[in-house]
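**Q** Take a look at this one; I'll ask things after.
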Amino acid sequence: MNLDRVICNGTLLAYVFDEIEMQETALPGWQFWIDRGGTFTDIVARSPEGDLKVHKLLSRQTGKYEDATIEGIRNVLGLEAGAAIPLGKIDCVRLGTTIATNALLEHKGEPTLFITTCGFGDAIRIGYQNRPDIFALNIVLPRMLYAQVVEVNERIRHDGTVSVALDREKAKRDIEQAYQSGLRSCAIVLMHGYRHPAHESELGQIAAEAGFTQVCTSHDTIPLMKFVSRGDTTLVDAYLSPLLKRYVLSLSEQLSGTRLFFMQSNGGLAGGAQFRGKDSILSGPAGGIVGAAKSAAIHGYNKIITFDMGGTSTDVAHFDGQYERSAETEIAGARIRVPMLSIHTVAAGGGSIVEFAGSRFRVGPESAGADPGPACYRRGGPLTITDCNVVLGKIRPSHFPAVFGTGGNQQIDQDTVMLKFREMTATISGASGRQWSVEEVANGYVRIAVQKMANAIKKVSTEKGKDVSEYVLQCFGGAGGQHACALAESLGIRTVLIHPLAGVLSAVGIGMADVNSIEHLAVESPLSEALLVDLRPLIELRS
């Protein structure tokens, strides 16, 4: 080990929360900062007296609780399972959630109607004709987010003149027919609609009158040129927003009188009414970057690589004094054109399944998730990276809470892990022709996972011309500390920073984030000093 420093300074905790106290001194009730991840839900709670409590629970336990957010709040407040949250007990809940992310990745959003200009019904499927793998013989097209398409007779030219008047009666019949088929959400994207929204507005009114409960128009969602990305973004918003609205409503009913804020992909918070599908994709990971950047700055580090290793995946990002945001991101085949923190994700988390595939070791991309979880969770799960660390002694059962098993009250099961690894080791030894030890097999899988994560960090640093050796590795997440030193050594990073609340740093970042809103406006004029003067009232009007 040739690392210069591994910093784990307990005084950092006081500095971080002193800063939060300065932001809001009044404490009329409890405050909760929550990161609801794919495997674990992390909670940092602050009592009216200013005391801090940290709590972590599985995001899903079938038959024990329906929502980990509410159950975690009950646990912190000392309430029994299923008990109602006392009115006025909680002042504020700040939440980052993977609900929208998972719905997009798994295509479990709201069935959506796509309304567009006649002749452009297949434009989103055609896309930009990009081929990520130019040698692929079997091209698998991404699934579309819309369930039906309605093409309306209309066309507005780029200069605002009407080429084809809107056929209102036919559009009304088609939209009502789609409503009768069971659709309740629609995305309206017309040619030049971002610049001349009259027809989109009229169609939105028709859809609302027909009974659609979620109506997203492109000029309101993302008023920028480029039909395909504007259409995709509007579809994502219509596809995910109903799920978020139902979740926000459910939380509001159970947390009556509580202020609710949700983490957005851009690194800022939004109120429940303003939280939209298009802004929710990186809700949880964004909190981690905010927490990592602000806590590192306290120690005087402004050049950091954030390494957030959770149960399902690992998120890495580059920070050099300011947040890096991407204007357009492609996720699950959808081109989402909203500002998001630049985060690179790989399928290598503590829950990544390890397998011996005939003649080679394989790690992920499948994950055991929260249920059943790794083999050591006592729910019949497969062997994972977490189990490898149990074998290697990096995870000590006595240091973990008794929250496992079908009853959620047992310790980590080391015996089952060792039994399964012995069986796997025997198979590997027989196939390879040499005798392996259980520890060698476990370490081999960990090395593969570390290499995956190192390659992810190179994507956000070395491949962009950054000298990664000049940076501090800020590691966090439930599994971050288990691999930080090995990862830093493989990359040539000489300083690792470990926050005292590294296991819940995304929740800390959500508590430290600011409430903000990013607005879009297309201005198509030559850049000049006169234009800068004209822009000022437009910016002030939208701020």
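The values are calculated or read from the model by the stated rules, or taken from the named source; none is laboratory data. This is a predicted model, so every value here is computed, not measured. Note: ideal-geometry Cβ built from the backbone for every residue, glycine included; neighbour counts use all protein chains shown. SASA here: full protein model, heavy atoms, side chains in, ligands and nucleic acids out. Shrake-Rupley method; radii C 1.70, N 1.55, O 1.52, S 1.80 Å.
**Q** Roughly how compact is the range 463-543, stated as its Cα Rg over 2.2 N^0.38 Å to two decimals? Don't skip to the end; give the middle numbers.
**A** Details: Rg = 21.2 Å, N = 81, 2.2 N^0.38 = 11.7 Å.
The reported ratio for this selection is 1.82.
**Q** What are the membrane-span-like helices in the chain by this rule: whole DSSP H runs, Cα extent along the axis at least 27 Å, mean Kyte-Doolittle hydropathy at least -1.0?
**A** Numbers: long enough: 227-254 (40 Å, 0.14); 438-460 (34 Å, 0.16).
Helices passing the filter in the chain: 227-254, 438-460.
**Q** Please give the calculated 222 nm ellipticity per residue for the chain, where each DSSP H segment of at least 4 residues contributes -39500 (n - 2.57) and the sum is spread over every residue; nearest 500 deg cm²/dmol? Can you show the working numbers first?
**A** Details: 15 runs with 191 residues, N = 543.
Mean residue ellipticity, 222 nm, calculated: -11000 deg cm²/dmol.
**Q** In addition: If you plug each phi of the range 32-45 into the Karplus form 6.51 cos²θ - 1.76 cosθ + 1.60 with θ = phi - 60°, what whole-Hz ³J(HN,Hα) values come out, in order, with x for Gly and Pro?
**A** 10, 10, 10, 10, 8, x, x, 10, 10, 10, 9, 10, 10, 10
**Q** Return the carbon/sulfur percentage of the accessible area of the chain, one whole number, probe 1.4 Å, all protein chains in place. The partial results should precede the final answer.
**A** On the way: 12340 of 24220 Å².
Of all accessible area on the chain, carbon and sulfur atoms account for 51 percent.
**Q** Starting from the Cα coordinates of the range 404-543, work out the convex hull volume and express it per residue in Å³.
**A** Working: hull volume 37.0 nm³, N = 140.
Each residue corresponds to 264 Å³ of Cα convex hull volume.
**Q** Same structure again: Quick one: in the range 285-333, what % of C-alpha pairs are over 13 Å apart? Write down the numbers at each step before the final one.
**A** Values: 703 of 1176 pairs.
Counting every Cα pair in the range 285-333, those more than 13 Å apart make up 60 percent.
**Q** Can you grab the distance from the C-alpha centre of the range 23-82 to the C-alpha centre of the range 343-420, Å, no decimals?
**A** Rounded to whole Å, the Cα centres lie 24 Å apart.
**Q** On full extension of the chain, what length is gained from E80 through S490, given 0.36 nm per residue of separation minus the C-alpha to C-alpha distance? Don't skip to the end; give the middle numbers.
**A** Working: separation 410, 0.36 × 410 = 147.60 nm, distance 4.69 nm.
Roughly 142.9 nm would be gained on extension.
**Q** For the range 36-127, state which GluC sites (Glu not before Pro) are in a DSSP loop and have at most 16 other beta carbons lying within 10 Å of their beta carbon.
**A** Details: sites: E49, E66, E71, E80, E106; in loops: E49, E66, E80.
Qualifying residues, ordered by number: E49, E66, E80.
**Q** Continuing with the same structure: For the chain, which longest stretch is free of loop sites, where a loop site is one of the chymotrypsin sites (Phe, Trp or Tyr not before Pro) that DSSP puts outside H, G, I, E and B and that has at most 10 other Cβ atoms within 10 Å?
**A** Working: sites that count: Y128, F135.
Segment 136-543 is the longest.
**Q** Further question: Using +1 at the C-beta of Lys and Arg and -1 at the C-beta of Asp and Glu, which of I498, M424, P339 has the Cα lying farthest in the positive direction of the dipole of the chain?
**A** M424
**Q** Viscosity 1.567 mPa s, temperature 4 °C: Stokes-Einstein D of the range 403-460 from its Kirkwood Cα radius, in µm² per second? Display every interim value, and only then the final one.
**A** Values: Rh = 13.8 Å.
Here the translational diffusion coefficient equals 94 µm²/s.
**Q** Something else: Would you indicate which of (i) 23.8, 70; (ii) 33.3, 116; (iii) 25.1, 78 is the value of Rg and Dmax of the Cα atoms in Å derived from the coordinates of this structure?
**A** (iii)
**Q** Here is a follow-up. Taking the Cα atoms of the range 162-278, what is the range of coordinates along each of the three principal axes, in descending order and whole Å?
**A** So the extents along the principal axes, rounded to whole Å, are 49, 32, 19.
**Q** Oh, and also: Given a Förster distance of 41 Å, report the FRET efficiency between V162 and D67 from their Cβ-Cβ distance, rounded to the nearest 0.05.
**A** Values: r = 49 Å, r/R0 = 1.20.
For R0 = 41 Å, the calculated efficiency reads 0.25.
**Q** Farthest toward the dipole's positive end in the range 453-526, which of N455, I510, S525, given Cβ charges of +1 (Lys, Arg) and -1 (Asp, Glu) about the Cα centre?
**A** N455
**Q** Quick one: which residues, 5+ away or cross-chain, put their amide H under 5 Å from the amide H of E366? H built at 1.01 Å from N.
**A** Those qualifying (amide H under 5 Å, at least 5 residues apart or on another chain) are I353.
**Q** Per residue, how much accessible surface does the chain expose to a 1.4 Å probe? Answer in Å², no decimals. Kindly include the intermediate steps, with their values, before the conclusion.
**A** Details: 24220 Å² over 543 residues.
Roughly 45 Å² per residue, with all protein chains present.
**Q** Dipole of the range 440-526, Cα-centred, from +1 at each Lys and Arg C-beta and -1 at each Asp and Glu C-beta, to the nearest 20 debye?
**A** On the way: 7 positive and 8 negative charges, 71 e Å.
For the range 440-526, the charge dipole is close to 340 debye.
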